[in-house]
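Below you'll find the structure I mean.
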């Protein structure tokens, strides 16, 4: 009799669940995936598609998208040898975790944080060291440093600005952690364009144990194109790139990146709009009884309500989709929603006032 096929699988699969988006991905007002509400304009899409039509579709793309990597390195002001492009930052996370972790290794993850970190660590059969944030959801820097040294961790993941809490570490706090820890430190800057804090990019030359992760899915409005980057000193980058899937980034994504970087005023205009709306929404929420709003450093906001499950369901029934993040540590009865267009934000605020 043959063994049950489940006995042949990675035992870590028993500890993790398939990723899903509660409530789905379709709604009249969709504010649940931290997306940029502005799509690329039609004229820019046509320009991109005109170039893509000239590409040979029967041929593999480059092993890595070198044109895109060179252009992004120039945009950031770093050497091309310090940059690698991936099929979304999630693919880069898989690559980095494969390169840095395995059985017997320890990874420190502040909690609450992006759920994919814990999932990837457990898939690699690494031991996860959790450090809770403060009750206001801000990072506990002293606890992070103390736990990193006490547990002699091999790897630290810092999402800053943090999803789902919307809080950031300061530039000085990041450097303190990188300097104090005898570990590789990954700083995920998916939301950095919306932050009041400085990027950690200037630290990669001084700290050979630092990796900075970027995505084009948020401020650059390219969630559908799947473009991400890792930036580190060339020696470290060469090592963590070894598990990278070849040919993972297509030519269309590369062409799109080049054109968006050439027309970056579209991004800065969108960010300006989003930040202004974020401030307006925070002011409006302050006047709604029963709603506690956490100060945001991202393109999304966190609110605490008396009953998150009920409010989530009533908003969904009314055609407004947000994310229920109550399952995270310290985030009981919390909802998360990204800043949308003004009329979308007004619809959400109107419903919250009635609820």
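Bear in mind that the values in this text are calculations on the coordinates, not laboratory data. All values reported here derive from a predicted model rather than from experimental measurement. When we count neighbours, we look across all protein chains shown, and the Cβ atoms used for this are built from the backbone with ideal geometry, even at glycine.
Measure off 7 Å from each Cα along the Cα-to-Cβ vector at residue 28 and residue 176, then give the distance between these two points in nanometres to one decimal.
Computed distance between label sites residue 28 and residue 176 equals 4.8 nm.
Ratio to report: Rg/Rh of the range 51-262, with Cα atoms as the point set and Rh obtained by the Kirkwood method; give two decimals.
Working: Rg = 17.0 Å, Rh = 17.5 Å.
Rg/Rh for the range 51-262 comes to 0.97.
Tell me, how many Å apart are the Cα centres for the range 69-119 and for the range 142-193?
If we compute the Cα centre of each part, the gap is 13 Å.
For the chain, would you read off the P(r) tail past 36 Å as a percentage of all alpha carbon pairs?
Percent of Cα pairs beyond 36 Å in the chain: 23.
Moving to a separate point now. Taking the Cα centre of each part, how many Å lie between the range 1-68 and the range 288-332?
Answer, in whole Å: 26.
Can I ask one more? If all Cα-Cα distances of the range 184-292 are sorted into 5 Å bins from 0 onward, what percent lands in each bin, rounded to whole numbers?
That works out to 2, 10, 15, 17, 17, 15, 10, 6, 4, 2, 1, in percent per bin.
May I ask you to sort 189, 127 by Cβ crowding, counting other Cβ atoms within 10 Å and putting the fewest first?
Working: 189 25, 127 16.
By the 10 Å Cβ count, ascending: 127, 189.
Continuing with this model, one more query. If contacts are Cα pairs under 8 angstrom and at least 6 residues apart, what is the relative contact order of the range 51-262 in percent? Working shown, then result.
Values: 405 pairs, mean separation 58.0, N = 212.
So the answer I get is 27 percent.
Also: Once you compute Rg and the Kirkwood Rh from C-alpha atoms, what is the Rg to Rh ratio for the range 13-68?
Across the range 13-68, the Cα-based Rg/Rh ratio is 1.14.
Tell me, Kirkwood radius of the range 58-109 from alpha-carbon pair distances, in Å?
Here the Kirkwood hydrodynamic radius works out to 13.1 Å.
I would also like to ask the following. Give me the extension gain from residue 261 to residue 332: residue separation times 0.36 nm, minus the current Cα-Cα distance, reported in nm with one decimal. Write down the numbers at each step before the final one.
Details: separation 71, 0.36 × 71 = 25.56 nm, distance 3.96 nm.
Here the segment from residue 261 to residue 332 would lengthen by 21.6 nm.
Further, regarding this structure: Please report the relative contact order for the range 158-266, taking Cα pairs under 8 Å with a sequence separation of at least 6, and give it as a percent rounded to a whole number.
Dividing the mean separation by the residue count of the range 158-266 yields 19 percent.
Based on other C-beta atoms within 10 Å, arrange 52, 300, 75 from fewest to most.
Result, fewest neighbours first: 75, 52, 300.
Sticking with this structure for a sec: What is the calculated FRET efficiency for residue 70 to residue 45, with r their C-beta to C-beta distance and R₀ = 22 Å, to the nearest 0.05?
For residue 70 and residue 45, the calculated efficiency is 0.40.
Using a 7 Å offset from Cα along Cα-Cβ at residue 292, what residues in the range 115-155 end up with backbone N under 17 Å from the label point?
Output list for this probe position: 133-139.
What length, rounded to one decimal in nm, is gained on full extension from residue 309 through to residue 53, with 0.36 nm per residue of separation minus their alpha-carbon distance? The partial results should precede the final answer.
On the way: separation 256, 0.36 × 256 = 92.16 nm, distance 4.71 nm.
Extending this stretch completely gives an extra 87.4 nm.
Please compute the modelled spin-label separation between residue 7 and residue 152, points set 7 Å along Cα→Cβ, answer in nm with one decimal.
About 3.7 nm, to one decimal.
Pop a pseudo-label 7 angstrom from the Cα along the beta-carbon direction at both residue 63 and residue 14 and give the gap in nm to one decimal.
About 4.0 nm, to one decimal.
In percent, what relative contact order does the chain have, based on Cα pairs under 8 Å that are 6 or more apart in sequence? Let's see the in-between values first.
Numbers: 640 pairs, mean separation 79.7, N = 355.
The normalised contact order for the chain reaches 22 percent.
Now for a separate question. Sort 98, 216, 225 so the one with the fewest other Cβ atoms within 10 Å of its own Cβ comes first.
Exposure proxy ranking, most exposed first: 98, 225, 216.
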